[in-house]
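The structure under discussion appears below in the form of structure tokens.
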Amino acid sequence: MSLTLLAIESSCDETSASVCRDGKILSNYIANQTVHEQYGGVVPELASRAHLQKIVPVVDVALKQAGVDINELDAVAFTQAPGLIGSLLVGAQFAKSLALALDKPLVAVHHMQAHVLANLIPERRPEFPFLCLTVSGGHTQIVRANSPTDLQVLGETIDDAAGEAFDKSAKLLGLPYPGGPLIDKYAKEGDATRFRFAEPQINGLNFSFSGLKTSVLYFLQKERASDPQFAEKNMADICASLQATIIRILLKKLQKAATETGIRDLCIAGGVSANSGLRTAFVELGKELGWRTFVPAFEYCTDNAGMIAITAYHKLLAGETADLSVSATARSEWH
Ligand code: KG4
Ligand code: ZN
């Protein structure tokens, strides 16, 4: 029997809808919110309002691009947690109303599980158990996936996320929000060995990025004292050195997790996995150590409903549906 579902993602500042049939993504439409640019970060109240304005047209586009009529849907899925509560509520209410109107099952999806399972979208997929380094604006985790519905967090950040390390350093450099993609762009032209920044010494599989941010702050304060234009003049080398440091911190722990678990199928996921330096370094390390490496397509790295759809598909196969009393939650403990 064929299974067609609609998924909604609205946890932060992207309104996205995706249609998936039998585990194949037919559409993945993402509307970015530009309203936040002038504020240097996402303004929660503005994000919820923008979701309210966009949710109906975004779903409409996703259905049209997939060539699917709303009455053909067998289930409706949404991001239940974690995220900005006002933003999550828009997607949750929309999905619940639609599921009720169509009298179809509702599936509540955890955003971080979905980032990991984005690796099940392409035809070339990791085999279970696999490890995933999930790096986004809010999270940095090493996850062991035993099955689509059995994920275990082996390590995570104790302070800033990797995306914050990029974005906060970019802000210190005078770059607009979100700075991650800009650091990536400048880093391509720079010398990664020119500057050195602090690398944390944390035991186990956890991460820490707050020391790196402080080290960038002091470095820039010192250099700007003698040359106020120091950052502008050396942007490419600073970005390349900074990016290389973040990548070293991430891959060192991923390598440790692979050694400790003996798992050889490794994935990356989340917004920071769109970073070209990380993608290359990850694949190179994999070649050196004999891993099979998996990297999602760009559109499935940053927040998108396609990853919610693939997760909902596997949850449906496992019989994990939600009832209409389910609510969105901003924070959610996960394993
Ligand atoms: O997964 P995501 O879209 O949203 C969250 O769930 O947080 O991740 C957003 C994060 C931001 O910190 C952004 O700067 C970072 O991903 N990011 C990048 C790149 N593209 C997005 N960081 C470094 N290099 C990139 N190319
Ligand atoms: Zn995300």
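Note on residue 222: aspartates and glutamates with a C-alpha under 17 Å away, same-chain residues under 8 apart excluded, are 232, 237. Left without a cysteine partner by the 4.7 Å Cβ rule in the chain: 12, 20, 239, 301. Computed over protein heavy atoms with a 1.4 angstrom probe, the accessible surface ordering of 111, 139, largest first, is 139, 111. When the chain is treated as a Gaussian network with alpha carbon springs shorter than 10 Å, the biggest mean-square fluctuation among 172, 106, 131 belongs to 172.
Farthest towards the positive end of the charge dipole of the chain, among the residues 306, 275, 329, is the Cα of 275, using unit charges on the Cβ of Lys, Arg, Asp and Glu.
Rolled with a 1.4 Å probe across the full set of protein chains, the surface gives residue 325 an accessible area near 100 Å².
Contact order, relative form, for the chain: 25 percent (alpha carbon pairs under 8 Å, 6 or more residues apart, mean separation divided by residue count).
Within the chain, the selection of entire DSSP H helices by a Cα span of 15 Å or greater along the long axis and an average Kyte-Doolittle value of at least -1.0 returns 44-66, 85-102, 162-172, 210-226, 235-261, 276-289, 305-317.
Averaged per residue, the chain has 44 square angstrom of accessible surface, using a 1.4 angstrom probe with ligands and nucleic acids left out.
Close amide H contacts of residue 23 (hydrogens built in the peptide plane, cut-off under 5 Å, sequence separation of 5 or more or a different chain): none are found.
Over the chain, DSSP H runs of length four or greater, each weighted -39,500 (n - 2.57), average out per residue to a 222 nm ellipticity of -13500 deg cm²/dmol. Amide H contacts under 5 Å for residue 175: none, restricted to partners 5 or more places along the chain or on a different chain, H placed in the peptide plane at 1.01 Å from N. Pairs from the table (213/256; 54/188; 24/213; 171/252; 54/253; 171/315) lying more than 30 angstrom apart at Cα are 54/188; 24/213; 54/253; 171/315. Per residue, the average separation of C-alpha pairs within less than 8 Å and at least 6 apart gives the range 186-335 a relative contact order of 22 percent. Straight-line reach from residue 287: taking Cα to Cα under 19 Å and skipping same-chain neighbours fewer than 8 places apart, the aspartates and glutamates in range are 127, 260, 265.
Applying 1/(1 + (r/R0)^6) with r as the Cβ-Cβ distance of residue 24 and residue 56 and R0 = 25 angstrom yields a FRET efficiency of 0.50. The relative contact order of the range 126-238, computed from alpha carbon pairs under 8 Å that lie at least 6 residues apart in sequence, is 24 percent. If you take the Cα centroid of the range 211-246 and the Cα centroid of the range 112-166, the two points sit 30 Å apart.
Accessible surface of the range 88-129, 1.4 Å probe: 52 percent of it comes from carbon and sulfur atoms.
When both bridge partners sit in the range 1-118, DSSP labels roughly 60% of those beta bridges antiparallel. If you take the square roots of the eigenvalues of the alpha-carbon gyration tensor of the range 45-176 and sort them as a ≥ b ≥ c, do you get rounded (a/c under 1.5), prolate (a/b over b/c) or oblate? Verdict is oblate for the range 45-176. Of the GluC sites (Glu not before Pro) found in the range 148-236, those in coil by DSSP whose Cβ has at most 14 other Cβ atoms within 10 Å are 189. Among DSSP bridges having both ends in the chain, what percentage is antiparallel? Round to the nearest 5. Looking only at bridges with both residues in the chain, the antiparallel portion is about 60 percent. Here each label is just a point 7 Å from Cα along the line to Cβ, and for residue 202 and residue 70 those points are 4.5 nm apart.
The values are calculated or read from the model by the stated rules, or taken from the named source; none is laboratory data. Everything quoted here is computed from the prediction, not taken from an experiment. Because the Cβ atoms are built from the backbone with ideal geometry, glycine has one as well, and the counts that use them run over all protein chains shown. Protein only, heavy atoms only, side chains kept; ligands, DNA and RNA dropped before computing areas. Shrake-Rupley method; radii C 1.70, N 1.55, O 1.52, S 1.80 Å.
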